[in-house]
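A.B. asks: What follows is a structure written as structure tokens; I'll ask about it next.
The values are calculated or read from the model by the stated rules, or taken from the named source; none is laboratory data. Not measured: the values here are computed from a predicted model. Backbone-built Cβ (ideal geometry, glycine too); neighbour counts: all protein chains shown.
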Amino acid sequence: MPSIRPSTPWRYSTPAIVLHWLLAALIVFMAGLGWWMMTVEHEPGGRDWINLHQSIGLVVAALVLLRIVWRLFHRPEPLPVGVPAWQRKVARAVQGLLYGALVLVPVTGIVGSLYTKSGLHFFGPATNAGITPVHDTAESLFGWHEDLVWVMVILLVLHVLAGLKHLLYDRDGVFQRMWPGRG
């Protein structure tokens, strides 16, 4: 009688895994850089840190867009059957809100920068894209930017805690779906 091997557990594709962990690292770095640069923005060289934050922020925005496009054409498998319905709903809600924050944080930073006198920088050159600087508009957008970063941090903490729960408590293979290497 032939032996029946269990099917290989579903995993995210390599591009999805790379984008996930690259964005995770960049977002943690950018949040720290953003909070730190606000303490040195008026000191000599402070503008250089803001320019770096803007430049990396544009890279993050491009990677988020790439991740969203990838996700549209590469739908993940549903969570395992053993995951309770309420956890599935919370996971969908947190992931949906997280994607929203991943879009809105860069957008508010980019548009806010365009409304400043110094403009938006990308590793050197600056542009204001023909937008007349309006201090109050820029400050309002930067306020939203900062608030959304806090929302994103809360969502990321929930996401990480859920991942650790699946890894250490449930041991259901959900965490391994996004972990680099073999499942």
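A.B. asks: Across region 120-143, what is the number of residues that are at pLDDT 95 or above and either among the small types (Gly, Ala, Ser) or crowded, with 17+ Cβ neighbours inside 10 Å (or both)?
C.D. replies: Residues that pass the stated criteria total 7.
A.B. asks: Still on this structure, please answer the following. Can you run down the residue pairs with Cβ atoms below 7 Å, 6 or more apart or on separate chains, where the first is in region 137-164 and closer than 17 Å to Gly96 by Cβ and without any contact (Cβ under 8 Å) to a residue 60 or more places away in the chain and the partner is of a type outside the set (Gly, Ala, Ser) and assigned to a helix (DSSP H, G or I)?
C.D. replies: Hits for this filter: Leu148/Leu104; Leu148/Val105; Leu148/Thr108; Gly163/Phe175.
A.B. asks: Mind telling me which of the residues Gly112, Gly181 ends up being over 15 Å from the mean Cα position of the chain (by Cα) and either in contact (Cβ under 8 Å) with a residue 12 or more places away in the chain or assigned to a strand (DSSP E or B) (or both)?
C.D. replies: Gly112
A.B. asks: Would you mind telling me which numbered condition in (1) surrounded by 14 or more Cβ atoms within 10 Å (Cβ to Cβ); (2) hydrophobic (A, V, I, L, M, F, W, C); (3) more than 20 Å from the chain's Cα centre (by Cα) Leu58 fails?
C.D. replies: The failed condition is (3).
A.B. asks: Follow-up question, since we're still on this one. Of everything in region 149-183, what is exposed (fewer than 15 other Cβ atoms within 10 Å of the Cβ) and hydrophobic (A, V, I, L, M, F, W, C)? Give them in sequence order.
C.D. replies: Passing the criteria: Trp150, Val153, Ile154, Val157, Val160, Leu161, Leu164, Leu168.
A.B. asks: Moving on. Kindly establish whether Tyr12 is buried (at least 17 other Cβ atoms within 10 Å of the Cβ), modelled with pLDDT under 95 and among the hydroxyl-bearing types (Ser, Thr, Tyr).
C.D. replies: Spelling it out, Tyr12 is indeed buried (at least 17 other Cβ atoms within 10 Å of the Cβ), modelled with pLDDT under 95 and among the hydroxyl-bearing types (Ser, Thr, Tyr).
A.B. asks: Moving on. For residues that are over 26 Å from Ala138 (Cβ atoms) and out of contact with any Leu (no Cβ under 9 Å at 6 or more places or on another chain), tally how many sit in region 80-125.
C.D. replies: Going through region 80-125 one residue at a time, the tally reaches 11.
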